[in-house]
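Nothing in this text is a laboratory measurement; each read-out follows from the coordinates by a stated rule. Note that this is a predicted model, so its numbers are computed, not measured. Positions of Cβ are generated from backbone atoms using ideal geometry, with glycine treated the same way; all protein chains shown enter the neighbour counts.
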Amino acid sequence: MREIVTFDAYGTLVDFKLNAPTAELLRDRLLEVGVDTQEFLDTFDIMRFQAVLEPYRPYGEVLRASLKASMRRHGLDYRDSDGDAVVALVPTFGPFPEVPDALRRLKSRYEIAIISNTQDHLIAKNIEIMGVDFDHVITAEQALAYKPDRQAFECAFQKIGAGPEEIIHVAMGWEYDIVPCRDLGFKRLVWINRRNQPGSPAYDYEELPDLSKLPELLGC
């Protein structure tokens with residue numbers, strides 16, 4: 001019987017450090033307009049989530065549109081170079097420190113896969129930096145849909161060749177992953193709660209602060 005573990009990528013495996021360099025990019029304009037940096041970044045987070053709920057467009061366009069909407073919301077002038085700079089950051093991000101070793105241990109027993117809200121060429125660079133071979137890599141570009149849309153997961157099931165009842169899913173994203181995966185009937189869910197956020201007893205999941213204890217949890 002196949003044993004499969006799927007992972008969200010950005011925030012779970014990859015240290016998705018988008019906010020700090022975005023704030024630095026816009027620092028002078030935020031100061032000029034008098035906008036609180038954290039308030040702006042919170043808006044940027046919300047806009048990105050709202051954008052993936054809309055009809056599919058490539059992830060680079062999602063980031064550009066989300067940044068533009070956030071800047072307009074706070075009275076900042078958007079430049080095309082701003083969006084280009086933010087998109088260019090994504091493939092430069094590497095893994096959290098414990099991730100490569102944890103994944104290599106898991107590969108001794110499991111097929112491992114990524115299900116990510118991204119484009120193929122962006123995630124390829126992140127995986128190259130990670131230095132771990134995945135059995136399957138499924139992106140929003142392939143699915144033409146973003147998590148939490150069911151279509152994103154259905155594409156993964158088809159490409160992996162297994163149903164949700166056969167898959168353990170590991171993710172940091174609550175709204176993007178944990179909620180829809182519970183509804184889809186995944187075999188097991190592990191929430192990587194890096195930000196120490198409150199969960200909910202309504203959802204059947206196991207919780208870890210990072211991936212360091214995940215191999216032990218999954219019997220490796």
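Using r as the Cβ-Cβ distance of LYS159 and ASN196, and R0 as 35 Å, what FRET efficiency do you calculate, to the nearest 0.05?
0.55
The peptide list 5-14, 62-71, put in order of mean Cβ contacts within 10 Å with the highest first, becomes 5-14, 62-71. What does the C-alpha gyration tensor say about the overall shape of segment 97-140? Classify as rounded when a/c is under 1.5, otherwise prolate if a/b is larger than b/c, or oblate. Since a/c reaches 1.5 but b/c is at least a/b, the shape of segment 97-140 is classed as oblate. Counting only DSSP H runs of at least 4 residues, each contributing -39500 (n - 2.57), and dividing by the residue count of the chain, the helix-based mean residue ellipticity at 222 nm comes to -12500 deg cm²/dmol. Tally Lys/Arg at +1 and Asp/Glu at -1 over every other residue whose Cβ is under 15 Å from the Cβ of GLY131; what's the total? Residues close to GLY131 contribute a combined charge of -1. Relative to the longest principal axis of the Cα atoms of the chain, the long axis of helix 59-73 lies at roughly 40 degrees. Separation of segment 4-19 and segment 142-220, taken as the distance between their Cα centroids, equals 12 angstrom. For the peptides 184-194, 50-60, 198-208, 170-180, the ranking by mean Cβ contacts within 10 Å, running from highest to lowest, is 170-180, 184-194, 50-60, 198-208. With a cut-off of at most 16 other beta carbons within 10 Å, and DSSP calling the residue loop, which GluC sites (Glu not before Pro) in segment 1-94 qualify? Please list them. Here the GluC sites (Glu not before Pro) that fit, given the DSSP loop and packing criteria, are GLU3.
Applying a threshold of 26 Å to the alpha-carbon distances of LYS159/LYS213; LYS17/LYS147; LYS17/LYS213 flags LYS159/LYS213 as lying beyond it.
Tally Lys and Arg at +1 and Asp and Glu at -1 over the other residues with C-beta under 12 Å from the C-beta of ASP8: what net charge comes out?
Values: positive: LYS147, ARG194; negative: GLU175, ASP177.
Its environment carries a net charge of 0.
The overall shape of segment 19-91, judged from the alpha-carbon gyration tensor, is prolate: a/c is not under 1.5, and a/b is greater than b/c. Taking Cβ atoms as reference points and 14 Å as the exclusive limit, the residues near PRO148 contribute a net charge of -3, counting Lys and Arg as +1 and Asp and Glu as -1.
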